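Have a look at the structure below before the remarks.
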Amino acid sequence: MSLKGKVALVTGSTSGIGLGIARALAAEGADLMLNGFGDAGAIETLRAGLAAEFGVRVLYSGADMSKPEQIAAMVAEAEAQLGAVDIQVNNAGIQFVANIEDFPTAKWDSIIAINLSAVFHGMKAAIPGMKKRGWGRIINIASAHGLVASPQKVAYVAAKHGVVGMTKVAAIETANDGITVNAICPGWVLTPLVEKQLEDKAKQQGTDVAHEKHEFLTEKQAMEKFTTPEQIGGLAVFLCSESAATITGAPLSIDGGWVAQ
Ligand code: NAD
């Protein structure tokens, strides 16, 4: 229970990687502020289930990460209700796939708002409290696409490269305040975000999802294996530990050898 007494806010934690990270932090004793979209009843079941399973306090904010004022209000609510935001995981994200000339401007705007600007607004709101308390861990979920590109993902790749850059700036600015700021750069993780891409590709190509899983993995990664949300949760817990106290400003790949090639 290395994180007992700490409070973690994880955006986009009603699903996928965010949920894996929230579970891993709660398993170490951290109180949680959950966030993300979904069915209200299912989210309440999730919230109550995490609280019961790990014996921690768990709140939920429905803040929309495309709305700066809602992000600030969510951080303020966590500080007021749970006492602090010691660990901030900026994870919420969306995807859209099309060539630049066909890429809808509205999709560009929402990916930049949710995947990039929300990370800035979140850090801006959380850093003052972390500085006051002299301890903080900020973990931004970037991507292998924060380090290298793929076609048809212009907004996503731009946003994720931006997240890696912003992580470095925040790390330097807070280096002597007991705060570390790092970016996790996953390769393929089998979550709803990727399942949709697999289904769309299978439809487009007249194949099936099992075939596309093999294609996705072997096209990009050395390992023909998905990373799991639990493994990313384990890396997040490590980044919160004393062993990781001088790791800051780093993009950390967990990608089956994607960017090694
Ligand atoms: P997911 O679709 O399973 O989960 C996304 C979460 O973000 C959900 O909880 C959703 O409700 C929330 N969300 C979306 N829009 C939101 C908004 N406007 N406000 C608040 N919450 C919102 O996806 P995932 O694969 O778990 O992705 C999580 C993060 O990991 C994203 O930033 C994604 O880019 C990144 N990532 C994913 C992969 C992968 O292979 N799945 C790889 C690298 C990086």
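The values are calculated or read from the model by the stated rules, or taken from the named source; none is laboratory data. The structure displayed is predicted, hence computed values, not measured ones. Counting neighbours? That spans all protein chains shown, and the Cβs are built from the backbone with ideal geometry, glycine included.
For residues that are within 15 Å of the ligand (Cβ to nearest atom), within 17 Å of GLU77 (Cβ to Cβ) and either at pLDDT below 95 or outside any loop (DSSP other than H, G, I, E, B) (or both), tally how many sit in the stretch 9-37.
Residues that pass the stated criteria total 7.
State all residues of the stretch 132-147 that are in a loop (DSSP other than H, G, I, E, B) and under 23 Å from GLY233 (Cα atoms); if no residue qualifies, say none.
Those that are in a loop (DSSP other than H, G, I, E, B) and under 23 Å from GLY233 (Cα atoms): TRP135, ALA142, SER143, LEU147.
Take the conditions assigned by TED's automatic domain parsing to the domain that holds ALA155 and either within 9 Å of the ligand (Cβ to nearest atom) or of a type in the set (Asp, Glu) (or both) and apply them to LYS131. Does it pass?
no
Residue by residue, here is whether (1) exposed (fewer than 15 other Cβ atoms within 10 Å of the Cβ); (2) part of a loop (DSSP other than H, G, I, E, B); (3) more than 11 Å from the ligand (Cβ to nearest atom) holds:
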| residue | (1), (2), (3) |
| --- | --- |
| ALA158 | no, no, yes |
| VAL169 | yes, no, yes |
| ILE172 | yes, no, yes |
| THR180 | no, no, yes |
| ILE184 | no, no, no |
| LEU193 | no, no, no |
| LYS201 | no, no, yes |
| HIS214 | yes, no, yes |
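If only one of LEU19, LEU50 is closer than 19 Å to ILE232 by Cα and in contact with a strand residue (DSSP E or B) (Cβ under 6 Å, 6 or more places away or on another chain), which one is it?
Sole residue among the options that is closer than 19 Å to ILE232 by Cα and in contact with a strand residue (DSSP E or B) (Cβ under 6 Å, 6 or more places away or on another chain): LEU50.
Please list, ordered by first then second residue, the pairs with beta carbon atoms under 8 Å, 6 or more apart or interchain, first in the stretch 24-39 and free of Cβ contacts under 8 Å to residues at least 40 places away in the same chain and buried (at least 24 other Cβ atoms within 10 Å of the Cβ), second outside any loop (DSSP other than H, G, I, E, B) and of a type outside the set (A, V, I, L, M).
These pairs meet every condition: ALA26/GLU53; ALA26/PHE54; LEU34/ARG47; LEU34/TYR60; LEU34/SER61.
Of GLY122, GLY165, which residue is outside any strand (DSSP E or B), out of contact with any helix residue (DSSP H, G or I) (no Cβ under 8 Å at 6 or more places or on another chain) and closer than 22 Å to MET65 by Cβ?
GLY165
Name the single residue, out of those in the stretch 63-104 being within 13 Å of the ligand (Cβ to nearest atom) and under 21 Å from ARG23 (Cβ atoms), that is nearest to the chain's Cα centre (by Cα).
Selected residue: ASN91.
Is there any pair linking a residue in the stretch 142-167 that is touching a residue at least 12 places away in the same chain (Cβ under 8 Å) to one that is crowded, with 19+ Cβ neighbours inside 10 Å and of a type in the set (Lys, Arg), with Cβ under 6 Å and at least six apart or on different chains, and which?
ALA142/LYS160; SER143/LYS160; HIS145/LYS160; GLY146/LYS160
Applying the selection to the stretch 199-244, what residues are touching an Asp or Glu at 6+ places or on another chain (Cβ under 6 Å) and touching a residue at least 24 places away in the same chain (Cβ under 8 Å)?
LEU217, VAL237
Consider SER15 against the criteria (1) small (Gly, Ala, Ser); (2) closer than 25 Å to ILE179 by Cβ; (3) surrounded by 14 or more Cβ atoms within 10 Å (Cβ to Cβ): it satisfies all of them except one. Which criterion is unmet?
If we test SER15 against (1) small (Gly, Ala, Ser); (2) closer than 25 Å to ILE179 by Cβ; (3) surrounded by 14 or more Cβ atoms within 10 Å (Cβ to Cβ), just (2) comes out false.
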